[in-house]
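Contents: one structure, followed by commentary.
The values are calculated or read from the model by the stated rules, or taken from the named source; none is laboratory data. None of the values given here were measured: they were computed from a predicted structure. Using ideal geometry, Cβ is built from the backbone for each residue, glycine included, and neighbour counts are taken over all protein chains shown. Please note that ligands, DNA and RNA were not included when accessible areas were found on the heavy atoms of the full protein model with its side chains. Shrake-Rupley method; radii C 1.70, N 1.55, O 1.52, S 1.80 Å.
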Amino acid sequence: MLETTALTGHHDASNRQKRITQRMTITTDNEIRTGQWEDALTLVALNEDKLAYAELFKYFAPRLKAFGMKMFGNEQQAMEMVQDAMLNVWRKARLFDASRGCASTWIFTIARNVRFDMLRKKQSRKDDISADDLWFDGDYPEQESNSSEHWDTILMSEKLAPHFDALPPAQRMVMQKVYLEEKSHQEVSDELAIPLGTVKSRIRLALDRLREAFDDTRS
Amino acid sequence: MTHAVKFHPGLMLLEQYVEGSLSADVALAVSAHIDLCPHCQQLSHDITIDQAASLGEQNVSAHDEQQDWQQMVDFITSQPGLSAASVQRSNALPQVASVTVNGRTFEIPRALSRLAEKHNKWLQLGGIATAKLPTGEKQHVSLLYIDKGTEVPNHTHLGLEMTLVLAGKIVDENGEYGVGDLLINSPDDTHTPRTLADEDCLCLSVLSAPLKFNKGLTRLLNPLQQFFY
Ligand SMILES: [Zn+2]
């Protein structure tokens, strides 16, 4: 009943890459579709395209502000973070590599690092721990994925239910569609309008969370 | 590396690490663990994707949506982009530094490399040597070297004690810890770590003072066993 091999699919990156290169134009409607922000970032990187940047900004700035408000609890610092992060997006667009992940992931990590270094600057210590120490901006060697081993028995157990309900809503939604409605990862991606890679990440996280609930050592 | 990492930070700790809400010293230990642990590399990658997607999925207030952002956009787009030369990013494997103590040289994971190169001088006490990393006065982040066949004196600590094995092996009442294994001890834990007769050990040691806990970590402390082991 459970298809554990589906969790290790390798076709994600190449498909996404194809999609991105197929659509190098951006639309100005409000519909969110995979590839839009990656395309916009590419245009900013190639031509310093202000129109494409304005679209990115319109979408991400208010969301980063909400993130900043949650983390700082005050509007002035939240806005400072938005400006610093969005300035980095403009200046460093050429560093964005769509084959390594979505635009939203890249922008999120920029904002996270900006925020961390803002907090650090308040203490103004030269040798203090920096965002660059903490978050590696590169790729670790590729791993063989075996995280889905011995999951079928646990997933079918009755004891699962309470842990399943305790999953974060976004992860629970994906798990429900894959395991209860038996939809493919691609179908879930289309239905929820989130990238395929995000579907896979949320499944792996949910499985790990369930495993943590079951198995103290998480070995 | 043949050793499989057995002791990982809990998911909640990893989530706060990715979010950037852990205190810097604790985050440093988690980051160095990730450098050594393929399992947590994948997990923190997945958590980053999940949190970034949540950024897009959150509700944005009409006020923030309609706020006048034009001035900020104009300011930003008037700035020059980075020159081609300065955007040469290295996709290479993490750079590692090394430290030498007791006539032995050890490789240091990426997260600690910059700081380890500037470590304070080694203070030796019997078979044990420590060198503080320059992470700020209030933080107790140090390298801890334990010679073979040495017992660390029974000790208590006020805050959270994190020990990450960087080389060799250490054992205590609860088990055996090899490269990449992360031990987290709360103030109530009394433990007596020691090395085996034939193998010394280099660790990263982080002592978090209780006052330094942020809100998230305080929440973590309560059900400690459940999350960490
Ligand atoms: Zn790990």
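Brief remarks follow.
- Taken along the Cα-to-beta-carbon direction at a fixed 7 Å, the label points for A:SER99 and B:GLU151 span 5.6 nm.
- A Förster distance of 41 Å, applied to the separation of the beta-carbon atoms of B:GLU117 and A:PHE214, puts the FRET efficiency at 0.45.
- Fully extended contour minus Cα-Cα distance, from A:ASN74 to A:ASN47, at 0.36 nm per residue: 6.2 nm
- B/A buried area, accessible surface, summed, 1.4 Å probe, Å²: 6300
- When peptides B:124-130, B:15-21 are ranked by their average number of other Cβ atoms within 10 Å per residue, the highest-first order is B:15-21, B:124-130.
- With the simple model of a label 7 Å out from the Cα in the direction of the Cβ, A:ALA166 to A:GLU181 spans 2.6 nm.
- Point-to-point label distance, A:LYS58-A:LYS122, nm (Cα→Cβ direction, 7 Å offset): 3.4
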